[in-house]
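The values are calculated or read from the model by the stated rules, or taken from the named source; none is laboratory data. What you are looking at is a predicted structure, and each value in this text was computed from that prediction instead of being measured. Please note: Cβ atoms are built from the backbone with ideal geometry, for glycine as well, and neighbour counts cover all protein chains shown. When the accessible area is computed, the model is the full protein with side chains, heavy atoms only, and any ligands, DNA or RNA have been set aside. Shrake-Rupley method; radii C 1.70, N 1.55, O 1.52, S 1.80 Å.
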Amino acid sequence: MRVMNSRFAGRMGHAVTLAATAAVTVANAQELVVEELIVTATKRETTMKDIPAAIGAVSGDAIRESQAFSLENFSRLDPSIQVNNRGVGDNQIIVRGISSSGKPTVGLYFDEAVITGLGLDGGSDNQPNIQLHDMERVEILKGPQGTLFGAGSMSGTVRFITNKPDLSKASFAFTGAAAGVKDGNELFQGEAVANVPLIQDKLGARAVVWGDTGGGYIDQNRDSRRFEDVNDQTVWGGRLSLTSHVTDAFKVTVMGLYQESEADGSQYFEFGQPEYQNVSPTQEPFEDEIKLFSVIADYDAGFGIFTGTASYMDRQLFFSRDSTPTADRFNLGVDLAYHQAQDISNLSSELRFASSFEGPLQFVTGVFYAEQESESQNAALVADSVTGLAPCNFHYDCVAAGFARDDVNSWTSLVTIDQFAAFGELEYKLTEQLTAMVGLRYYEADIGQRNITHQGLRHPVVMPVQTADILSLDVVTTQDELSYNFALAYAVTNDTTLYARVASGFRPGGANNSDAAAEQRITVPDAYDSDTLWSYEVGAKSYFFNRAMYTELAIYRIDWTDQQISLTDPGGTFVYIGNAGKSYVNGFELTVNAQPTNRLSLSLGATYTDSRLSEDMPVPPPPTDPDEDPMPYGFDGDRIPYTPKWSFAGQAQYELPLSASLTGYANTNFNYRGASYTNFNSTFDDYQEAGDYFLVGLRLGVHWEAWDTSLFVDNVTDEVPEIGLRVTGDGYRVYTTRPRTIGVRVSTRF
């Protein structure tokens, strides 16, 4: 729900909406006029109140005013989405407590383009962190969305909907912000938007550029020297969209996007060290480049809309991560830098039809095709003890430069996924009040996995160098699956809808590199199975007080079978993926959006998620070495990792007219996340608690005609939340948010 009590209402959002469906504008001091918003979460235009599912919406204005341009910051605006962040460009998205290693459980869409990550880095989805500038809204589809959005949407889908060109009038906007970070570097942010009709009402262009720089706050102590604020980040990019109304019935939109992200150094501090103090002996830079192109064509045939989409994303990233704790565990006696470079491409296309019949029957049907490919180069390299840098990046670089002995372990992985899907969702109005929905999707994919070992794990001094590549994995599997969706919606009144929904979701399985493990006398399964879930949900959506308040409540149960999890052999050498048996999730979500007066707007969202194993995990095989401890496993009742029980978020804004053209306002937003854990129980070496945290932001400002000037404070109480953890051999690394940040923002539109 987007509540507007003045021209400021569009800015306010509202940020926290689990199923927001309306914008409220003030006609006068006594009357509220409601304009219902149309969303496309079901791939057809529908009011959110009438959708028999829990869907959140966060407005672009709320994102802009909260400066929630990154995935991690965006997650603070809605408690139903959680992001485990391990630095810029490395995110795992969790919806409704469905969290595990393997492929992502949440689908990610940028307009119609599929941008979901491939989960190549042991427990992190590596979801791309495209900045959310000049957005119309973000939709959060909760629960399985497999019938319309495919296998990557096992527990939900997040859709970033951009502002499209306005073909009727030109407009321009600019925002600039400067802030000081407590005990850190200055932070600067900027955004500029231009919308220009090229041919009146026929062709238009919209461009946005953005840039952030600075804001570092992590100090690294390396080689008896102190390097301050090493995690300065630089993010810049731009997006250009062209829309043409070829005819009154035929519309085409073309979009191109480019973004670069960099972090200068380590983005975490070690537990047990003073806050924000990093003691890793190696440098840890990060680089990420994203190119995205898409085209959307819509033809309105009168009885429905035919839509064709095509998109291509290319992502190249490189990072270096300190792996010295691993070297210490194996008594290598060196500083070790782990390098990874990923080249990910995703080509996808879809053709669908959404009806607009006059009778009780409506449906959406279509076909989808995608080709995904990822090549990942990996190397564990000896780093110089003074500079903290390895002398080369990857195996062939090291060999060519004469540093082959500095290669401790290196390999290249190639993953290809060619998938086809056919889907349909039928909606039938049984009575004036009761509507039934049935959805089905058939999915088939050829999944190829190829691993080449350049250098097997070795001691850099006493063991010889591998002289020839070894093909350790080369498999292609074909997998197919059906996804289902059944729902009923009952309109009690024009203001209240009750619904019930049953839906399924799944993730494909894959292969483990068992041959490479066998070379180290380690036995792991050749493959892991697909995991599946069924979700059962009931909910209510309702307006109160002449539509001055909107509420939504959803209660759900999820049964999850063969959960994919990350496992390690008893010696701590080899990481692979297995299946965990059965799990369940019980939860509810509540949102209240209200406008008590013409000047005051309030919103609050809360979620409860109880996700646990419903049976003991399969008992792992005993270790081959009798001196080794047995492998740990989870027990019935253990909590699913990285899922807090309680989360809530909210926002309040009060506006005070100061003169005919000057309005003052005060805004606060807050976010709470409960404690969660990195693994099932304390028998796992990497079991740690991520503590609960509460974050608050404040903003005071004035609006004068087209100008807006404000003072903002983020992380008012200077909390150090554990928003991401990475367990190492001798402890764990804490990824957190910026300390208290105070700044000024100026924006204008004309």
Could you please put Trp534, Trp704, Trp560 in sequence from largest to smallest accessible area, using a 1.4 Å probe? Trp704, Trp534, Trp560
With runs of 4+ DSSP H residues as the only contributors, calculate the mean residue ellipticity of the chain at 222 nm using -39,500 (n - 2.57) per run, divided by the residue total and rounded to the nearest 500. -1000 deg cm²/dmol
Residue-wise, which Karplus ³J(HN,Hα) couplings in Hz belong to the range 136-143, taking 6.51 cos²θ - 1.76 cosθ + 1.60, θ = phi - 60°, and x for glycine or proline? 7, 5, 10, 9, 10, 9, 9, x
Give me the distance between the Cα centres of the range 515-537 and the range 633-672, rounded to whole Å. 38 Å
Let me check I've understood the local charge: for Asn715, count other residues with C-beta under 15 angstrom from its C-beta, Lys and Arg +1, Asp and Glu -1. What total comes out? -1
Please calculate how many Å² of accessible area the chain carries per residue, with a 1.4 Å probe and no DNA, RNA or ligand atoms counted. 39 Å²
Within the set of other residues whose C-beta is less than 9 Å from the C-beta of Gly388, count the net charge using Lys and Arg as +1 and Asp and Glu as -1. -4
Quick one: putting +1 on the C-beta of Lys and Arg, -1 on the C-beta of Asp and Glu, what dipole do you get for the chain around its Cα centre, in Debye to the nearest 20? 2400 debye
Selected from Ile470, Ala517, Ser483, residue furthest toward positive end of dipole (the range 468-542; charges at beta carbon): Ser483
Considering all projection directions equally, how large on average is the shadow of the alpha-carbon convex hull of the chain, in square nanometres? 31.0 nm²
